[in-house]
Structure formats: C-alpha cells, structure tokens
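Each value in this text was obtained by applying a stated rule to the coordinates, not by laboratory testing. Remember, predicted model here, so these are calculated numbers, not experimental data. Cβ placement follows ideal geometry from the backbone for every residue including glycine, while neighbour counts extend to all protein chains displayed.
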Amino acid sequence: MQIKVLSESMIEELKRSTECILENIGFHVPHKGMLNMAMKAGAKVDEAAMVIKIPAALLRELLTQVPSSYTIKGIDEKAYEVGSGKQHSLAIVTDPWIIDYETQMSRRPCLEDVRRHTIIAQKLEHITAISRMDFPVTDYSDSFSSLRALETHLMNHSKHYFVYAGSLESYNHWLDIGSILAQGKDLAKSNLMSVAVAVVSPLTLTDINVELLLSAAVHDFTVIPTICPMAGTTSPYSKAGTLLQGNAENIFLAALTQLVRPGNPFLYAFGPSRSNMRTGHDMYYTMDKVLWKAASTELAKSYGIPSAAECGGTMTYRYDQQNGAEGMLFMLAAQSTGSDFLCGIGSCHNANGMSAEMMLIQTAWLDAAKFLSKGISTDNLSMGIGSIANTGHGGNFLTDDLTIELLRSEEFFNSTLFDYTGGYENAPSILEKAHAMVEEMVENYQSPVPVNVREELGRYFRSLYGKMV
C-alpha cells in the first residue's frame, strides 16, 4: 500500500520550476562570507541586494554531491544508515505545551516532563534519534531554565542528537557538550549530531543560520533544514505553490551545503502549513499535510536525497476522534511513502504540544501503518487451498495446521494498545493503556549514559550556572 500524489511529469515540472526560481529569483543571504564563497563557486551574486542566484547547471552539479545515504550514531555506539531503505524515527521530548494526563488539558512543561519523555524515547525501539526544543521549564524562572532542561535530557539518553539550537550561544553549548559526549574522540568524526538550519520563508537564509551551516559543515554534522512555509502568508496560497517554494528552499540549502563542503550529509525536510485567512492562525496539521508529506518525499527521492517527514501529528490536544483520524492518516502518509526519517513522535496540538501518552499512541499508529503498507501477499495461497480442502464443508479451522502455524505470527495486526474486546464494559482505552505503559517504563529507570560522561556533563552545567548568577 503506497500513497502517491505526483506523477513523473509533475515531478519534472516542479524540478524545472525550482531551477527557474533559484536561477532567476535567488535567495536573500545577508552574510558577506557566504556571498563571496558562492561567487567563487560560480553563482551569480548581487552584493548590494545580498542575493545569491544559482544557475541550473551549477545547481545540478552541486546536487550530485549530496550523499544518498549517511551514518548516524549515539553514544551507545549503535550505528544507523539513513537512506539505506530502512526507516528511522525521531522523538521530541518537550514543546511549549504538555497535555497533562490527569486533567487532559494543556500546561507549560516542567523538568519532570523532560525527564519522563526522554526516558520513553530511550526505551522505544522505534526511536533512533531524539530532539529537544530549546524551551524553558516552569521549575525555574531564571536565565538558565532551558539549560536545566537540556542537562536533564542529556543525562537520560544515549541515542543520536538532533540539535535545534535557538541561538548561536545555545549552539556553542552543544559543541562543548558534543566534545564531552564524544569521550575523547574527534567530534567531527563521531556522527553524534545532526544540526537544524532554518530558512526564513520566502527564500531567505539569515546570517545566524549561515553560521550554523558553516559550523555544521566543519564538523561533518548532517544539515537538517527547518523549512515551514505558511500558505497564504509566507508562501503562495495553493498546495502546489507552497510545495514548489518548499522544494526550492530545500534544494537551495542542499546546494549551499555542498558548496561549503562537498559530500556533507543533508536530510530533505519540509514542514508546510496553511494560514487561516479568517483568523490569521497558522494551521500546521490539516488534511493538506497528508498530500504535502507524500509529495515532498517523492521529490526528495527524485533527487536521490534522504528525506524526513513529520509522522502522527494532530491539530487538537484532545484524545478524541479527530486526534485518531488525523494522526493515523498522517502516520500512514509519512510511513508508506518511504521517508527515511519519521519525525516528531509525540507531537499534537497544532505542533505546539505533546504528551508521554501520545508518544506511545503514535508508535502504535506507526506499527499499524507498517502493517497496512505491507498489503496482502498471495505467495502461500496454496496453503489456504489445502486448509479449505482438509476442513471440508461446514467445518471449522480452530485446529487447522495453518491456524496453528500462524497463530503467533504477524499475519494479522496486533497491538498491546488497541482495544480488541469489542467495546466490552470496563475495557481500558488506548489512552489508559498508554498511561500504564508510561508509568511502567519510567519506574526504576537506570540511565544508559556512562557515569564518567554524566559526571563531566554535571561539571560543565554547574560551571555555566555559576557564570550566570
């Protein structure tokens, strides 16, 4: 089962239109060093306007240097190849809002939320990498609130780090932290981190994000574009127009990454949304996203670039029918198109909220999406014929050989979170089951981070707190 929204001719038209945009309109890049670098590489640069235009021939040449696969690691030394055909998942551990289990209402995150969510991400086999929003916690109102959250996060997981730094100062902290996590090895060869570089839509790369790009390339960190055009406000008010702009912004950043350092890993990522033209609100997880997810993955594949897609997000914070319908559709769209990274496990509430329970529920949706994507195989249909023949007219298949053989297999979908009672009274809901699993996972947790690394991280953060007093 595969969701496909673009024909080959549509893909070629979008790619030609992308080349037209980057060759004739270009990108605003207010960074003199990058302007000079682009000019030397053969791009057309308007220094006064600070605009870089990349001729189609140069663009194609640069894109051939983007690796079709690359390796990431955690401090546990487990290595994963991205772009090899095997899908990986990214979990988030905090957002501006947390959906509280007891009240089922949104509230601001506290330090315990960060700890619990990090533990769950560490324990889930689905999860290869983890990210944390650079956001403060309610336990502290001082200038190091966000750093406290980061310390708690780092102390409790050993997986790959997706770095979403809110400032150059925060990013420099990550470089210091990376040196600690690398445990004496060369950070530039550790594959421990991937770094987000944001594009300001439409077609702008700020000086801060150029600095992030330059540093990521120096350290051989995978560059992850943060590209979130909003149809009607920061991109054209059409599905195709926003898709085109998002592709142009991705491809420009991919080309610029190769211009800085040929062969540097790059992950095609695209998070479009739609503006509510009545209220002005940004709507991130509308049904349009199903089509955009599939289309962006198809475009990335046409370039031979590894891709990421958000997975099971929802518009609502409620655990209701809308949540389930949106989340399962989004998960199926992201998983079935073969995106290399499924990002944002746990996200809901219009991409502004999350919960521990949603992390578990969305991984159950991921299992369901994987099952549906496999479809039905008729390879062993002859076994079914034999089963029918042996049972005969009016019999039953309770003790049939095929039943016994497949009884404990993955022939049929099964999930510990789904309700298979048929709605019997007092049967626990998917939310209740998820909450019980959360409590079990967090209880008596032992961090996988080596003691010496934890001690060194502790000293580093204490020194930062001392400087801020």
Explain nothing, just compute: Karplus ³J(HN,Hα) = 6.51 cos²θ - 1.76 cosθ + 1.60, θ = phi - 60°, for every residue of the range 292-301 in order, whole Hz, x for Gly and Pro.
5, 4, 5, 5, 5, 5, 5, 5, 4, 4
Overall form of the range 43-82 per C-alpha gyration tensor (a/c, 1.5; a/b vs b/c)
oblate
Test of the criteria: in the range 29-97, which GluC sites (Glu not before Pro) are in a DSSP loop and have at most 16 other Cβ atoms within 10 angstrom of their Cβ?
Glu47, Glu77
Distance in nm between pseudo-label sites at Tyr237 and Ser429 (7 Å out along the Cβ direction from Cα)
3.8
Translational D (Stokes-Einstein, µm²/s) of the range 308-392 at 4 °C and 1.567 mPa s when Rh comes from the Kirkwood sum over C-alpha pairs?
91
Which residues qualify? For Ser307, with a placed amide H closer than 5 Å and at least 5 residues away or on another chain, they are Tyr268, Asp340, Phe341
Given the convex hull of the Cα atoms of the range 168-284, what is a quarter of its surface area in nm²?
7.7
Exposed-loop cut sites defined as trypsin sites (Lys or Arg not before Pro) in DSSP loop states with at most 16 other Cβ within 10 angstrom; longest site-free run of the chain spans 87-184
Roughly how far apart, in whole Å, are the Cα centres of the range 38-117 and the range 321-356?
17
Compute, for the range 283-435, the length of the dipole vector about the Cα centre, with Cβ point charges of +1 (Lys, Arg) and -1 (Asp, Glu) only. Units Debye, rounded to 20.
400
With DSSP loop assignment and no more than 13 other C-beta atoms within 10 Å, the GluC sites (Glu not before Pro) in the range 410-469 are Glu410, Glu411, Glu425, Glu443
Only loop residues by DSSP count here, and only those with at most 13 other Cβ atoms within 10 Å; note down the GluC sites (Glu not before Pro) in the range 124-182 that meet that.
Glu125
Among Ala57, Leu111, Ala217, pick out the residue whose Cα is farthest towards the positive end of the charge dipole of the chain, where Lys and Arg carry +1 and Asp and Glu carry -1 on C-beta, about the Cα centre.
Ala57
Going out from 0 in 5 Å bins, what whole percent of all Cα-Cα distances in the range 8-62 drops into each bin?
5, 21, 27, 21, 14, 6, 5, 1
Angle check, please: helix 8-24 long axis (alpha carbons) against the longest principal axis of the chain (alpha carbons), in degrees 0 to 90, nearest 10.
20
Please state the Cα pair-distance histogram of the chain with 20 angstrom bins from zero: what percent is in each bin?
23, 54, 21, 3, 0
Once phi is turned into θ = phi - 60°, what whole-Hz ³J(HN,Hα) does the Karplus curve with 6.51, -1.76 and 1.60 give for every residue of the range 407-423, x standing for Gly and Pro?
4, 10, 8, 9, 4, 10, 6, 8, 8, 5, 8, 6, 8, 10, 7, x, x
How high is the FRET efficiency between Gln446 and Ser167 when r is their beta carbon distance and R₀ equals 30 Å, given to the nearest 0.05?
0.35
So the angle from the long Cα axis of helix 430-442 to the longest Cα principal axis of the chain, reported in degrees to the nearest 10, equals 70
Exposed-site-free run, longest, the chain (rule: chymotrypsin sites (Phe, Trp or Tyr not before Pro); DSSP loop; at most 16 other C-beta within 10 Å)
238-396
Share antiparallel - DSSP beta bridges, the chain, percent rounded to 5:
35
Short version: ³J(HN,Hα) in whole Hz for each residue of the range 130-136, in order, from phi by Karplus 6.51 cos²θ - 1.76 cosθ + 1.60 (θ = phi - 60°), x for Gly and Pro, what are they?
9, 10, 9, 5, 6, 9, x
